Every structure is written in structure tokens, then in C-alpha cells.
Amino acid sequence: MNDTEQFLAEMMPRIHEAETALHNGDAAPRFAMWSHNDPVTVYGAAFSPIGWAEVAPMFERLATRFSDCSSCEWEVVAADVGVDFAYLLAIERTTASVDGSEPTSYMLRSTTIFRREDGEWKIVHRHADPIDDRDISRRLTKS
């Protein structure tokens, strides 16, 4: 198993747990995945905080909006690992309730950057934006 495969084998179950919990209203597992040491940033579909002092409350607000997660899957598009940094590009497919509505499916394309801190991978940046089936179809037809 190469370094990237080992990284994915370690991180993807943790990411799945954290994102499923977030989409059920619990931000604690996501907090555990993230570095609390600046710089940390989010360029999100709805919010773009900079620094842990802004990122942490945004995660808590976000978690309060979600419930009834029935599906949360990440399709890894690309990933690589260096000595102290790693990245993960993914298509995220989630079905959850937002603000008490009926559960709805949505997709995001995301970039997640990790930094090794005290021997553990921590997320330091996330960028995500909405994607729909037409975007995926266009990508596949260009290949």
C-alpha cells in the first residue's frame, strides 16, 4: 500500500463519520478532524470563515441546520500525500434535511487540504461548491 492509499484508508472512514454526524446536527466529530491552529480556512458554498475563531462557530451553526441524514458518500477524484501536507478532491453526495425540510439530495465538489500536526492529519482548508449531474456529464464527455 503506497502513502496515498494508506492516507485514504485512514482518513475516509473518519471523514464519513464526521460528515454524517454534521448532517445529523453534531459538529463535534468535524471539530476533531480539524486543526485548531491557524491558518485554517473554509471557502464554502454558503460561508467563508478565516481562522479557527471564525471556522468553529460556523461549523456549529451549520450543524444546527442539518438533520435526518440518510446518505453521505464521498467519491475520491484525486488525492496525494507529502511529508506534512495532503489533499483530497472529491464529489460529495448527501441526503439530509436542511432547516427541517424533507430530506433532499445534493452534491458538492470539494477540495480538502490536510496538515500533519503532532503525527496526526488535521484539516486546514476546505473549499466546496454545488455541482449537479450536468456538470458530471460534461466532465465525462470531455474525457
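The values are calculated or read from the model by the stated rules, or taken from the named source; none is laboratory data. None of these values were measured; they are calculated from a predicted model. FYI the Cβ positions are ideal-geometry reconstructions off the backbone, even for glycines, and counts take in every protein chain you see. Ligands, DNA and RNA are excluded from the accessible area calculation, which covers all protein heavy atoms including side chains. Shrake-Rupley method; radii C 1.70, N 1.55, O 1.52, S 1.80 Å.
The condition of being under 17 Å from the mean Cα position of the chain (by Cα) and at pLDDT 95 or above holds for Ser110.
Residues that are touching a His at 6+ places or on another chain (Cβ under 7 Å), of a type outside the set (S, T, N, Q) and farther than 25 Å from Asp132 by Cα do occur in segment 47-63. Scanning segment 22-60 for residues that are of a type in the set (A, V, I, L, M, F, W, C), farther than 24 Å from Asp84 by Cα and in contact (Cβ under 8 Å) with a residue 40 or more places away in the chain yields Leu22, Ala45. One residue alone among Arg115, Arg93 is at pLDDT 95 or above and open to solvent by 70 Å² or more (accessible area, probe 1.4 Å), and that residue is Arg93.
Within segment 118-140, is even one residue at pLDDT 95 or above, within 17 Å of Pro13 (Cα to Cα) and open to solvent by 30 Å² or more (accessible area, probe 1.4 Å)? There is at least one residue in segment 118-140 that is at pLDDT 95 or above, within 17 Å of Pro13 (Cα to Cα) and open to solvent by 30 Å² or more (accessible area, probe 1.4 Å). Looking at Asp99, is it open to solvent by 80 Å² or more (accessible area, probe 1.4 Å) and at positive phi? The answer is yes for Asp99. For residues that are over 19 Å from Glu60 (Cβ atoms) and either of a type in the set (Lys, Arg) or touching a residue at least 24 places away in the same chain (Cβ under 8 Å) (or both), tally how many sit in segment 90-109. Result for segment 90-109: 10.
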